[in-house]
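Below is one structure; the comments refer to it alone.
Bear in mind that the values in this text are calculations on the coordinates, not laboratory data. This is a predicted model, so every value here is computed, not measured. Here the Cβ positions follow ideal geometry from the backbone for every residue, glycine too, while neighbour counts run over all protein chains shown.
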Amino acid sequence: MKGLGKSRRTSRMVTVGLCVAALAAAASAPAAADRAERPRPHWQLKDSGTDIRFRGLSAVGRDTAWVAGSKGTVLRTTDGGARWRNVSPPDAADLEFRDIEAFDARRAVVLAIGEGETSRVFRTEDGGAIWTESFRNTDPKAFYDCLTFFDPRHGLAMSDPVDGKFRILSTSDGGRSWKELPNEGMPAAQEGEAGFAASGQCLVASGSHDVWLATGGGARARVLHSGDRGLTWQAAESPIPAGDPARGVFAVAFRDRTHGLAVGGDYRADQASPRAAAVTRDGGRTWTPSAEPPPAYRSGVTWLPHSRSTALAVGPTGTDLTTDGGRTWRTVDTGSYDTVDCAADFGCWAAGEKGRVARLER
């Protein structure tokens, strides 16, 4: 059995390597003849059966994924998107789900955003048949935007600043219970600074202790980093423009505790988004603007699994690919998506407006 397991892992790695190579080739192939000769990686739309906007997405694998969106909607597929089951929590139609973190086909935690009691967290252990509300915000000044998990037990959720500092919740039992962390280690927020609940990627973890928080709206767009699961934070300015409630860093992604990507811009369709991407190679202490950023606002970003240099960014006007670790980006699809996520088996998914859900195919 050990030999069989190794063979399967080797086969998976070969497949992943071929996909990464094909994506790189697709980004650089200018001729239609070249595309005709070999399959080109592309998003394949899956019929979700709804027109809900999905900003929450969790890729478990090529077969299994969860999406969460407006009107308290949660859908799950276990057959690669051929069928989607509505597993929404009961009596949640008035809620806006903007983030979901799934551990497998049965266990997931979903976040509803909003002021006061509209910010809530629900958890399921049976594929969505039963949901338990594990947190309801009672502070009218708090507005929760995103959540993330280090592992199936330990996770964090973040709120826009309350009394001048971002607020952090912590769980150590898989989202069954939450406690507010002390804010002595959180730097002061800028005037007007907040997170963006646009893709579930304004708070992301990598490894067992590192987590990053993306901001906008203030004079400078910043990325805050904690190396101790949210107890203490250091803030770094990013080159992505801010200075307006509609501008800033909307999403970050880290392939390890050192190498990260940030995307954002101005979400208003009539506003340009120059310098919409940035790169860090020191864990977020410093950020460098991409030499060739995406051409417009991007709300979601993810590294391709098992790759040191390839990533995808998505937004309402398209999908961009980088094969050099975020230095340059090239548009590879013009479909509208809000969020993107990849699983270890190269199950990459995107979701967005009008019920759009897609899986990356080659």
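Please find, within region 202-243, the residue that is surrounded by the most Cβ atoms within 10 Å (Cβ to Cβ) out of those that are of a type in the set (S, T, Y) and part of a loop (DSSP other than H, G, I, E, B). It comes out as T215.
Figure legend. Inter-residue proximity from region 182-199: first residues within 11 Å of L224 (Cβ to Cβ), second residues acidic (D, E), beta-carbon distance below 7 Å, spacing 6+ or different chains. Indicated pairs: G195/D145; G195/D160. Please find, within region 136-175, the residue that is nearest to E96 (Cα to Cα) out of those that are under 22 Å from the mean Cα position of the chain (by Cα) and polar (S, T, N, Q). My answer is S159. Checked against (1) crowded, with 17+ Cβ neighbours inside 10 Å; (2) out of contact with any Pro (no Cβ under 9 Å at 6 or more places or on another chain); (3) of a type outside the set (D, E, K, R), W287 meets all criteria but (2).
Yes or no: G248 surrounded by 19 or more Cβ atoms within 10 Å (Cβ to Cβ) and not aliphatic (A, V, I, L, M)? So G248 fits the description; yes. Tallying residues that are surrounded by fewer than 18 Cβ atoms within 10 Å (Cβ to Cβ) and among the aliphatic types (A, V, I, L, M) within region 145-180 yields 1. Considering only residues in region 109-141 that are of a type in the set (A, V, I, L, M, F, W, C) and surrounded by fewer than 22 Cβ atoms within 10 Å (Cβ to Cβ), the one that is nearest to G216 (Cα to Cα) turns out to be W131. Applying a threshold of 8 Å to beta carbon distances and a minimum spacing of six or more residues, or different chains, the list of pairs starting in region 320-331 at a residue that is closer than 11 Å to P293 by Cβ and ending at one that is of a type in the set (F, W, Y) and in a loop (DSSP other than H, G, I, E, B) reads D320/W329; T322/W329.
Tell me whether region 181-201 contains one or more residues that are part of a strand (DSSP E or B), in contact with a strand residue (DSSP E or B) (Cβ under 8 Å, 6 or more places away or on another chain), more than 12 Å from V252 (Cα to Cα) and hydrophobic (A, V, I, L, M, F, W, C). Yes, because at least one residue in region 181-201 is part of a strand (DSSP E or B), in contact with a strand residue (DSSP E or B) (Cβ under 8 Å, 6 or more places away or on another chain), more than 12 Å from V252 (Cα to Cα) and hydrophobic (A, V, I, L, M, F, W, C).
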